[in-house]
Structures are given as structure tokens and as C-alpha cells.
Amino acid sequence: MRRILFYGACVLVPGSVVAALVFGGVWRSPAREVRSSGAIRATLERVVSTHNDASFIYVLENRSDSDYRIEDESAVKILGRSRATGDLVSEASKHLSGEFPLLVPTMRSVHFALVWTADHDIDPDHTDDFVKSLNIRSFVVLDKVSGRQIEFPGSR
């Protein structure tokens, strides 16, 4: 009888642990949750120009179960997505910078700015015209650490 109980416990206990991990949701990795599509959502709030900078102000919303952070700009590559073709344009990266470090807590929203530095002054009264002239549909931030790709709308 003891032998039956011992063998039963050897099978039952590990099987229960595996079932709890799989069906209890513990199996999911927080990092995987952040990488999922739509976990970090960017909404353009406004574009503000001063001198030769156009600041694209966004609200970033973290819909995942873990905080999302980018320590500094060296951890990302910022590209543009062509309005005409939809292709990623690396040329835009020489004009773009971001406000880093960035922390978007779990299930919270924060403001974040991408700044386009132009070769000339931008008239604040014609900011919309400047944005249209960029021929950029969106900006794409490629996170080299997590593999995350966040799409930032270029206009409303």
C-alpha cells in the first residue's frame, strides 16, 4: 500500500505543478506580454514647433502586464514609414530623437515626444504644412533590447 501511495504521489505532485503553471497563467512571460501586438499604443496628441524642431507629442499606453522601459536612445533605432510606399525609411533617423529614458508603467499612460530637427526654422503657423512635407505616415521605434516595434502616427 505504501508503495502505491509513493508512486501515486510521484506522478500526481509534478503533474499538478505543471497543470497549475499551464492553466493558471503563470506560464506566460511578462517580456513576451510586452512584445505582443498592441501592448504599447501610441496616440498623437499634438505637434509643436520651435525654431528648427517639430516635437510630436504622444500619449503612450501600456496595455500589458509588465512595465515597459527604454533606458536610453542607444537601445533603439527610430525610422520613418513612407506615406507613399509604406516602406521604412532609415534616412529619417538622422532627423529624429526621443525623450529617453522612457518608462511606461503597467496599465498606465505617459506622455512622450519624438523630435524632428529640420535643416531650417519651422514657422509655428505652418507646422501642419511642415509635417505634410515630410512624406512620413508614421515613425517606428525599434527596441533593440526587447525586439519591440512601436508605431507612432506621423499625423492625425
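Only the coordinates and a few stated rules stand behind these numbers; no lab work does. This is a predicted model, so every value here is computed, not measured. Because the Cβ atoms are built from the backbone with ideal geometry, glycine has one as well, and the counts that use them run over all protein chains shown.
Hey, can you rank 58-71, 122-135 by average C-beta count inside 10 Å, highest first?
Sorting 58-71, 122-135 by mean packing, highest first, produces 58-71, 122-135.
Take residue 121 and residue 99, extend 7 Å from each Cα along the Cα→Cβ direction, and tell me the distance between the two endpoints in nm.
Roughly 2.5 nm, to one decimal.
Would any residue of region 114-132 have its amide N under 12 Å from a label point 7 Å out along Cα→Cβ of residue 155? List them or say none.
127-132
Would you calculate the volume per residue, in Å³, of the smallest convex hull containing every Cα atom of region 41-98?
130
Along region 55-65, what does the Karplus equation 6.51 cos²θ - 1.76 cosθ + 1.60 (θ = phi - 60°) give for ³J(HN,Hα), rounded to whole Hz, x for Gly and Pro?
Result, ordered by residue: 9, 8, 9, 10, 9, 9, 10, 9, 9, 9, 8 Hz.
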